[in-house]
Amino acid sequence: MLRWLRSIRVKTLGIMALATILGLGITYVALSAIEHKIEVNQALQGLSQTTNRILLMSQHGATLGQLRAASAVLTDERVVILRGSKTVLESGAPAVAQDLMQSSSDGLTTVYAYALPPKTDEASAELTAAASIVVLLALLAATLISRMVSKSMSMPISKAIEASQKVASGDLAARIGDVGSEDFQSLANAFDSMAAKLQDHENEQKKFLGDLSHEIATPINAVSGFALAICDRTIKGQEELSEAAWLIQEETDRINHLLTDLRTLDRLDIARTVTKEVFFIDIYIKELVLRFSASSSKKSLTVTWSAPHEEINIDRRLLDMVISNFLSNSIRYVDPKGKISLEVKHNSRDLIFCVADNGIGIAPAHLSRIFDRLYRVDDARDRVSGGSGLGLAIARRASQSLGARIEVESERGKGSRFRLLIPFTSALQENIGTAGQPPATGANLPTKVDE
Ligand code: ADP
């Protein structure tokens, strides 16, 4: 790039020098022509004065001898005097076609004067000197200007090259900054914001890896601790052994759960294909509640639901990733005998799936972060039934693939409300709202409808 700029500089310099020399050449030729014309006029004027003077002498009775003597004095001019049509005097060499000529006549006598025209190819020494000085000055100015222009162009480019080389070698803190022209600055700003995003992404990635290794280390340490205790017979009684086996099983389940969620998240990031299918909303919700009935019954929870008997055309697998995450979280973060409600409704723009609970709730400080991978509020960490910390990250990715958005309202100690809003444009539920069926409802224990 810089080499290219340097070659541009040399070319610009050459072009400027050529243009200057050409311009000066043309000026020089034009000025020479003007100077020549002035000299011709002066010569013609001189010839005219000569013919007038000799005619006057003739009119005042000068003899031919006196006239010849007067003509002989003239060095550059030749004189011819006619009386009538007869040549009475001819001084100097005979006239030639290209000679300048002037004449004066009183009817009786005609005086002709001839002179060689001034040479055309000789410009004055002053003009030549002035032209040479201008050429030199122009060359000097061209050199200085091209140097300044190329420097102002190459400086921001050098900075850009330096910054991009640093970023390429892993220094994501490198930036170009505010340099160069307005156009260049928008390019530099785009580069800088790209580098900033890469840096954020790298930091996020580092944090994720740190959190992940911590998440894996905890159950692995527990499993290896129990295994060691069994090996060195610290744990030996039948009851102790079966308790250890149960705990090992629980820890390996946690790792398995984590790995499954990681794979799901990875798949969502890689494959963005959406496979739509048509199904009834209420039937889906009913099946979902049934799927979770074992875990909700274990905590004696009241799960109620309400959904329209209408068809939608949507990727059911992605929808389920979101809604089942909301529901499993509610079950996890609600105290025994708590309440959970599932409601599906629509407004003029969106189809809305809402899962609400009266569980532990989330403090405002954590609300913006719960969708980050492996982020868990301390209250949740303390819970034995804690999940992998990837559930909401999966829900967010799945909702993005659906073209939907998630909204959360929560109050610590009071409960949470998670909503998935699917715009009709991306949900493409052409049939929604046309069936006009009353919403289907259901509940596990006791049967109750949450409106
Ligand atoms: P986890 O597997 O830990 O539940 P998630 O990604 O699903 O991870 O949720 C992230 C965090 O958000 C949870 O650890 C918990 O602190 C909080 N959270 C999610 N849903 C609820 C809820 N219904 N009630 C209270 N806290 C919740």
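The values are calculated or read from the model by the stated rules, or taken from the named source; none is laboratory data. Not measured: the values here are computed from a predicted model. Here the Cβ is made from the backbone with ideal geometry for all residues, glycine too, and neighbour counts use every protein chain on show. For the accessible areas, the whole protein counts, side chains as well, though only heavy atoms, and no ligand, DNA or RNA atoms are used. Shrake-Rupley method; radii C 1.70, N 1.55, O 1.52, S 1.80 Å.
Table for the structure above
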quantity: Residue count, region 205-250 (criterion: in contact (Cβ under 8 Å) with a residue 24 or more places away in the chain and either at positive phi or loosely packed, with under 11 Cβ neighbours inside 10 Å (or both)); calculated: 0
quantity: Tabulated pairs, region 368-387, first at pLDDT 75 or above, second in a loop (DSSP other than H, G, I, E, B) and more than 8 Å from the ligand (Cβ to nearest atom), C-beta under 6 angstrom, 6+ apart or interchain; calculated: Tyr375/Arg369
quantity: Among (1) outside any strand (DSSP E or B); (2) of a type in the set (D, E, K, R); (3) buried (at least 19 other Cβ atoms within 10 Å of the Cβ) - the single one Glu343 does not satisfy; calculated: (1)
quantity: Exclusive hit being part of a helix (DSSP H, G or I), polar (S, T, N, Q) and either touching a strand residue (DSSP E or B) at 6+ places or on another chain (Cβ under 7 Å) or without any contact (Cβ under 8 Å) to a residue 40 or more places away in the chain (or both), set Ser104, Ser58; calculated: Ser58
quantity: Some residue of region 358-366 being more than 9 Å from the ligand (Cβ to nearest atom), under 20 Å from Glu204 (Cβ atoms) and at pLDDT below 95; calculated: yes
quantity: Odd one out for Lys414 among (1) within 13 Å of the ligand (Cβ to nearest atom); (2) closer than 22 Å to Ile281 by Cα; calculated: (2)
quantity: Enumeration of residues in region 326-338 that are open to solvent by 50 Å² or more (accessible area, probe 1.4 Å) and either within 12 Å of the ligand (Cβ to nearest atom) or within 23 Å of Thr264 (Cβ to Cβ) (or both); calculated: Asp335
quantity: Residue in region 139-154 that is at pLDDT 85 or above, surrounded by 11 or more Cβ atoms within 10 Å (Cβ to Cβ) and hydroxyl-bearing (Ser, Thr, Tyr) present; calculated: no
quantity: Unmet requirement for Leu136, which otherwise passes all of (1) within 20 Å of the chain's Cα centre (by Cα); (2) without any contact (Cβ under 8 Å) to a residue 12 or more places away in the chain; calculated: (1)
quantity: Residue under evaluation Ile323, criteria (1) of a type outside the set (D, E, K, R); (2) open to solvent by less than 10 Å² (accessible area, probe 1.4 Å); (3) over 41 Å from the mean Cα position of the chain (by Cα); (4) within 13 Å of the ligand (Cβ to nearest atom), criterion not met; calculated: (3)
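Yes/no matrix, rows are residues, columns are (1) at negative phi; (2) surrounded by 14 or more Cβ atoms within 10 Å (Cβ to Cβ); (3) part of a helix (DSSP H, G or I):
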site	(1), (2), (3)
Arg9	yes, yes, yes
Gly23	yes, no, yes
Glu35	yes, yes, yes
Thr75	yes, no, no
Val80	yes, yes, no
Gly92	no, yes, no
